[in-house]
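Note sheet for the following structure.
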Amino acid sequence: MTTTPNHTDALLGTRLTEGDLSAFDAIYNLYYEAVYRNALSVLKDAAAAEDIVQETFLALWQKRETIHKPENIGGWLFVTASNKSLNAFRRQARRRLSAQPVDSLPEIAYIPTDYELADRQLKLLQQAIDSLSPQRRRVFELCKLEGKSYEETAELLHISKNTVKSHMKSASESIREFILRRPSDALVISGLFTFLAVIPN
């Protein structure tokens, strides 16, 4: 993220924007699990989640030259995957409900996949994470953006699993409150709130 970015991640992001395929492979290996877990939490389907992973990383490569903050690849992948997953969920829901009378269909929000929206989401998410304390921020980044489990995060930071749980709960609540206090619209915050609700175990 924009906060205390890992030097290696920042270097990989910079190399990616320059078209370095080996940097892309390294980013894929680093963030695959986080993107997959988040997609699976929404879609509840392994094959569909894998499709989202491939679509997200394909978009990363195609849009590499337009990424404004290469040190923030984790955040970019987070918001891009969230929008793609929510759109896939919307399509799945409409297919399942297509045989029902129109009057009985629930309203399903449309989450566009345009990159202008993703950029607005990313900026808001960055600001919210920047508002956290350093330790809480690092726990959130490891668990949410890098897909680490509580056990893995506790080992990396040399703290207890219960401390990680406490930091994650507080961080998620603080980020939600921060987002709600900022003027925005439902399209910007809906994807973020969906994924903030998914807590690793």
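Throughout, read-outs are computed from the coordinates displayed, never taken from laboratory work. Quick caveat, the model's predicted, so the values are computed rather than measured.
Observations on the model:
- Of K84/K161; K63/K161; K69/K161; K84/K123; K84/K144; K44/K69, those spanning more than 27 Å from alpha-carbon to alpha-carbon: K84/K161; K63/K161; K69/K161; K44/K69
- The phi torsions of region 127-138, fed into the Karplus equation with coefficients 6.51, -1.76 and 1.60 and a -60° offset, translate into couplings of 4, 5, 5, 4, 7, 7, 5, x, 5, 5, 4, 5 Hz, rounded to whole numbers, with Gly and Pro shown as x.
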